[in-house]
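Heads up, the thing below is written out as C-alpha cells.
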Amino acid sequence: MKLIENGLFFEISQDVAKVITREASPEGIIAEVDIPNNFTDFSLANDRFLMLYRISDPGNFGNLLRTAKALDWNRVVLIEDCVDPFNPDTIRSSMGANFKTKFDFLKIEELAKFMQENFITLLIADMNGNVHDVFNEMVKKPVGLLLGSEANGFIGFPKNIYNSSPKIRVEISNSIESLNIAVCGGILMHNLR
C-alpha cells in the first residue's frame with residue numbers, strides 16, 4: 001500500500017493501513033485532505049433542501065448524502081446534534097459526496113428563520129403521513145424534506161413547525177414495521193425531484 005504526503009507516495013504495510021483506516025480490509029488508497037470551508041465553487045440551485053434532525057448513524061448519514069448528491073438535492077441542513085459530516089464512516093459511506101455538498105448547521109431555534117429566508121415548503125417524513133398524490137399536490141419549490149432521528153423521531157422538535165407542516169410517507173407492506181432512514185429518504189428524494 002502506498003501513502004501520499006505533500007505529493008509524495010509512501011508505501012505502508014497492510015497492518016499499518018488497517019490501523020489508519022480502522023478497517024479490516026482497507027481499500028488500498030489512503031489520503032489526508034483538508035475539509036472544505038467554502039462551497040461557493042459548487043453550482044447550487046437552492047430549490048431542494050435535505051433537512052436532517054438529530055441523525056446519529058454515520059452509515060445512514062453518508063448514504064443520505066450520497067443519494068442526495070446523486071438526485072441533485074443541492075443543500076443539506078443539519079439541525080441539532082447530527083453526526084459529523086466528516087466522520088470517517090460518513091465519508092466512507094458517502095463515497096466522498098460530503099466534499100461536494102453545501103451544509104447548513106442550525107440550532108433548533110434558527111430553523112423557522114432559515115426556512116422563511118429560503119422560502120422553504122417543508123415536508124416531514126412521518127410513518128403516519130399521507131401517501132396519495134403528495135408528490136403532485138404539495139410540492140412547491142423550494143422544498144425541504146425533513147427526516148428525523150432514527151431512534152427518537154422528532155422528540156424535541158418545535159411543535160408549531162411540526163404541526164403546521166404536511167407529513168408524507170413511503171407506503172410499505174404491513175408485514176414490516178419500518179424502513180431504514182436512508183432508504184426512506186432516498187425514495188422520498190427521488191419522488192420529490
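The values are calculated or read from the model by the stated rules, or taken from the named source; none is laboratory data. Note that this is a predicted model, so its numbers are computed, not measured. Cβ: placed from backbone, ideal geometry, glycine included. Neighbour counts: every protein chain shown. The accessibility values were calculated without ligands, DNA or RNA, using every heavy atom of the protein model including side chains. Shrake-Rupley method; radii C 1.70, N 1.55, O 1.52, S 1.80 Å.
Return the pair list, or none, for Cβ contacts closer than 7 Å from residues in segment 71-91 that are in contact (Cβ under 8 Å) with a residue 60 or more places away in the chain and within 24 Å of Lys141 (Cα to Cα) to residues that are open to solvent by less than 50 Å² (accessible area, probe 1.4 Å) and of a type in the set (D, E, K, R), at least 6 apart or on different chains.
Asp72/Arg48; Trp73/Arg48; Val77/Asp104
Being in contact (Cβ under 8 Å) with a residue 60 or more places away in the chain and of a type in the set (Val, Ile, Thr): is that true of Ile124 here?
In short, no.
Take Lys113 and decide whether it is open to solvent by 20 Å² or more (accessible area, probe 1.4 Å) and at pLDDT 90 or above.
Yes: the conditions hold for Lys113.
Kindly provide the set of residues from segment 120-148 that are part of a strand (DSSP E or B) and either of a type in the set (D, E, K, R) or modelled with pLDDT of 85 or more (or both), ordered by number. Steps first, please.
Here is the first cut: in segment 120-148, the residues part of a strand (DSSP E or B) are 121-130, 143-147.
Answer for segment 120-148, where residues must be part of a strand (DSSP E or B) and either of a type in the set (D, E, K, R) or modelled with pLDDT of 85 or more (or both): Thr121, Leu122, Leu123, Ile124, Ala125, Asp126, Val143, Gly144, Leu145, Leu146, Leu147.
Could you check segment 67-118 and list, in sequence order, the residues that are within 17 Å of Asp47 (Cα to Cα) and polar (S, T, N, Q)?
Thr67, Asn74, Thr101, Gln116, Asn118
Please report, ordered by residue number, the strands (runs of 3 or more DSSP E) entirely within segment 1-89 with at least 2 residues that are modelled with pLDDT of 80 or more.
48-53, 75-79
With the condition kept exactly as written, say whether any residue in segment 98-108 is modelled with pLDDT under 90 and in a loop (DSSP other than H, G, I, E, B).
yes
Could you tell me which residue of segment 82-109 is least open to solvent (accessible area, probe 1.4 Å), considering only residues that are more than 13 Å from the chain's Cα centre (by Cα) and charged (D, E, K, R)?
Filtering segment 82-109 for residues that are more than 13 Å from the chain's Cα centre (by Cα) and charged (D, E, K, R), the one least open to solvent (accessible area, probe 1.4 Å) comes out as Asp89.
Return the residues of segment 165-193 that are open to solvent by 90 Å² or more (accessible area, probe 1.4 Å) and modelled with pLDDT under 90; say none if nothing qualifies.
As a first pass, look at segment 165-193 and keep what is open to solvent by 90 Å² or more (accessible area, probe 1.4 Å): 171, 174-177, 190, 193.
Residues satisfying the conditions are Glu171, Asn174, Ser175, Ile176, Glu177, Arg193.
Show the residue pairs meeting these rules: Cβ distance below 7 Å; 6+ apart or different chains; first residue within segment 7-24 and closer than 18 Å to Asp89 by Cα; second residue loosely packed, with under 10 Cβ neighbours inside 10 Å and not hydroxyl-bearing (Ser, Thr, Tyr).
Note: pairs meeting the criteria are Lys18/Ala24.
Within the set of pairs 6 or more residues apart or between chains, which connect a residue that is touching a residue at least 40 places away in the same chain (Cβ under 8 Å) inside segment 175-186 to a residue that is hydroxyl-bearing (Ser, Thr, Tyr) and open to solvent by 30 Å² or more (accessible area, probe 1.4 Å) with Cβ atoms less than 9 Å apart?
Ala182/Thr67; Cys184/Ser178; Gly185/Thr67; Gly186/Thr67
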